[in-house]
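Everything below concerns the one structure shown next.
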Amino acid sequence: MSALEQPQFSEARKAEIARLVTRYPGAQSALLPVLHMAQEDFGYLSMETQKLVAETLGVRLMAVREVVTFYTMFREQPTGQYLLEVCTNAGCMLNGADELVAHMCDALGIKVGETTPDGMFTVTEVECAGACGGAPVVQVNNVYHEKATPASMDELIAKARSEGGAA
Amino acid sequence: MTIPSDPKQVKQICFDRIHIPNLTKLSVARENGAYAFLPTVLKEFDAGKIIDEVKTSGLRGRGGAGFPTGLKWSFVPRNTGKPTYLLCNADEGEPGTFKDRDIMRFDPHLLIEGMIMAGFALDVQDAYIYIRGEFLYETNVMHAAIEEAYEANLLGDNILGSGFSMHLTVHRGAGAYICGEETALIESLEGKPGRPRFKPPFPAVEGFYRCPTVVNNVETLATIPAILEHGGDWHAQIGEPNNTGCKIFSVSGHVNKPGNYEVPMGTSLRTLIEDYCGGLQHGSVPKVIIPGGSSTPWLLAEHYDAPLTYDGMIKAGSMLGSGAIIVMDETADLIAVTRRLAHFYAHESCGQCTPCREGTGWLERIMNRVEAGQGREEDMQVLNEAAAHMAGRTICALADGAAAPILSLLKHFPEEVRARLVENVA
């Protein structure tokens, strides 16, 4: 990999991480928050990015690998510009989540876990989002959409497309 | 907030001011009573008095286990030469639970104030809020509120000139149900996979970085300011003996008005569902009520009048848990729901204990088969035995939670399962 392809944190990020580390008794405690930052900055956690996080915090790469593979929010592969995460656990299921997922997949021509060929949308099923009062819940790039319906998701997809994919 | 003459008329503690707009702003929160009593606590109370008031209040942990909060605090050893940590468990992930989210996003200063008071009682210098990673909006609300609290010297060094200093940090998880278990939460906060630890040692003695640590739920900590302001006796008069105070119930599923409702302990399931939640979507009595989150045993229509207390739910054959009530009416496909929950537990098992790692997978595979009409009579026996052999045989209670829906389905609705077996599907 060329030097250009090596992910690097910005100076502002480095300062933010340095500040964050002081809030814990040990630097490894900052691992989850720093992985969130890295994922936000680079879109997903490639092996190069995981190495960067390990070096930044002075922890073993294996410690980073263990965490990345344990927690479901950390992604080692890129997703579409719009990540649509549908909760299908009990509360949402009782209020039509399965039918909602099927509708969204039909509308986008993909299966659960897949990304549209244009790279715009990924649909996944997730575990309880902790918002069952607004079931069914769809997280769109980590923003909660409660009481989602096939019509509201159609609208969201159409709007995203008309905006030319600016997430 | 004024002390009401008849505590039985007081319906809300954590949600008392929650409907006021812009409560997330410190100025608005202060106009409505936030931090008003804090200077008195810092000046006139000491650790002993605070812990006594909390003990007198009868407050029990609102995260699920229902352990008496004052007692938990009294287990923390003093003068160990090590720091004591306070961790707020905001990893709200039990299917059906969504109450802590409302406290954090609408009234973050209530939680902060409760944490300052708890921290003062426990001589804490560093406190953390471990919030589930999906709650990004709530994380940002908490960050902003904490920043304002620092600027007003409600956090940081020498809080309000009291000589007490405490720092508060919000820490995001990353999608792991198991991190709601307190020792897994501690592991996660140390930057590791969330695998529960053996107890003892209990966190009160050896927790975060092997130092004395108290882990309390959001709702528990948010109840502390009212208890200290009005007194433990005031709180103890609300609700029922051994089940005091109010409780937030997160009601979801087949009700017309799902949502969070804070009511005095002892309110019946029927009152909550009929009077607060607008009744059922279909029919007049529920088919199944899961009263305390997906890990608690199911209740039936015959339990509709049972009181919502820790003891009342045990008497009915279940548990109050986190107060997450999932209601299913006659239209619910119980086999599909059970299969979905089996998938959840298999996905969320951390994998370190064999009965859970293997057992949750077995339960899921068999339930997949049953739902698809390919199950056999002997599968019912295997489900029963596997579930029974998981519960109580692991480090944490996830396996017990995984067993609960399976055992409930087989106990109460064996005919529904039988009707789906391959022998009986045309």
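Laboratory data are not the source of any read-out in this text; all were calculated from the coordinates shown. Keep in mind that what you see is a predicted model, and the values were worked out from it rather than measured. Every residue, glycine as well, gets a Cβ built from its backbone with ideal geometry; the counts of neighbours run over all protein chains shown.
The modelled label-to-label distance between B:E378 and B:R357, using points 7 Å beyond Cα along the C-beta direction, is 2.7 nm. Helices in chain A, meaning DSSP H runs of at least 4 residues, each add -39500 (n - 2.57). Divided by all residues, the mean residue ellipticity at 222 nm is -13000 deg cm²/dmol.
For chain B, the membrane-span-like helix rule (DSSP H, alpha carbon extent of at least 18 Å along the helix axis, mean Kyte-Doolittle at least 0.5) picks out B:108-122, B:218-230, B:398-412; this says nothing about an actual membrane. In this calculation the C-beta distance from A:E155 to B:N79 is compared with R0 = 56 Å, giving a FRET efficiency of 0.35. Computed over chain B, relative contact order equals 16 percent, with contacts defined as Cα pairs under 8 Å that lie 6+ residues apart.
Annotation for region B:37-88: chymotrypsin sites (Phe, Trp or Tyr not before Pro) lying in DSSP loop with at most 15 further Cβ atoms inside 10 Å of their Cβ are B:F75. Measuring against 31 Å, Cα to Cα, the residue pairs A:K51/A:K159; A:K147/B:K55; B:K55/B:K199; B:K72/B:K192 contain A:K51/A:K159; A:K147/B:K55 as the ones spanning a longer distance. Shown in residue order for region B:275-285 are the 3J(HN,Hα) couplings computed by the Karplus curve 6.51 cos²θ - 1.76 cosθ + 1.60 at θ = phi - 60°: 7, 9, 9, x, x, 8, 5, 9, x, 10, 10 Hz (x for Gly and Pro). The trypsin sites (Lys or Arg not before Pro) of region A:16-114 that DSSP puts in a loop, and whose beta carbon has at most 13 other beta carbons within 10 Å, are A:R60, A:K111. Applying both filters, DSSP loop and at most 13 other Cβ atoms within 10 Å, to the chymotrypsin sites (Phe, Trp or Tyr not before Pro) of region A:28-98 gives A:Y44. Computed from phi, the 3J(HN,Hα) profile of region A:122-138 under the Karplus parametrisation 6.51, -1.76, 1.60 (θ = phi - 60°) reads 10, 10, 9, 9, 10, 7, 2, 8, x, 9, 4, x, x, 5, x, 10, 10 Hz, with x in place of Gly and Pro.
In the protein assembly as shown, a dipole from Cβ-located charges (positive for Lys and Arg, negative for Asp and Glu) runs towards its positive end, and of B:G312, A:G130, A:T149 it is B:G312 whose Cα lies farthest in that direction. Note on chain A: Rg/Rh from Cα positions, Kirkwood definition for Rh, rounded to two decimals, is 1.03. Shape analysis of chain B based on the Cα gyration tensor places the equivalent ellipsoid semi-axes at 39, 25, 18 Å, largest first.
Near the amide H of A:H145, within less than 5 Å, lie the amide hydrogens of A:V138, A:Q139, A:V140, all on another chain or at least 5 residues away, with H placed in the peptide plane. Normalising by residue count, region B:138-215 has a Cα convex hull of 100 Å³ per residue. Values of log10 I(q)/I(0) for the protein assembly as shown across q = 0.06, 0.09, 0.11 Å⁻¹ run -0.30, -0.71, -1.08, by the Debye formula with one identical scatterer at each alpha carbon and no solvent.
Counting every alpha-carbon pair across region B:49-186, the share separated by more than 23 Å comes to 35%.
Computed about the Cα centre, the dipole magnitude for chain A is approximately 620 debye when only Lys and Arg (+1) and Asp and Glu (-1) carry charge, each at its Cβ. Taking the square roots of five times each eigenvalue of the Cα gyration tensor of region A:82-162, the equivalent ellipsoid has semi-axes of 19, 12, 11 Å, listed largest first.
Computed over Cα pairs, the Kirkwood radius of region A:11-70 leads via Stokes-Einstein (0.890 mPa s, 25 °C) to a diffusion coefficient of 215 µm² per second. For B:G253, nonlocal amide neighbours, meaning residues 5 or more places apart or on other chains whose placed amide H falls under 5 Å from its own, are B:V327.
Only helices enter this figure: runs of n ≥ 4 DSSP H residues, each worth -39500 (n - 2.57), summed and divided by the residues of chain B, yield -12000 deg cm²/dmol at 222 nm to the nearest 500. Stokes-Einstein diffusion of region B:344-426 at 4 °C, 1.567 mPa s viscosity, Kirkwood radius from Cα pairs, rounded to a whole number: 101 µm²/s.
Using R0 = 25 Å, the C-beta based FRET efficiency linking B:V205 and B:A152 works out to 0.15. For B:K287, the residues 5 or more places off, or on other chains, whose built amide H falls under 5 Å of its own are B:M328, B:D329, B:E330.
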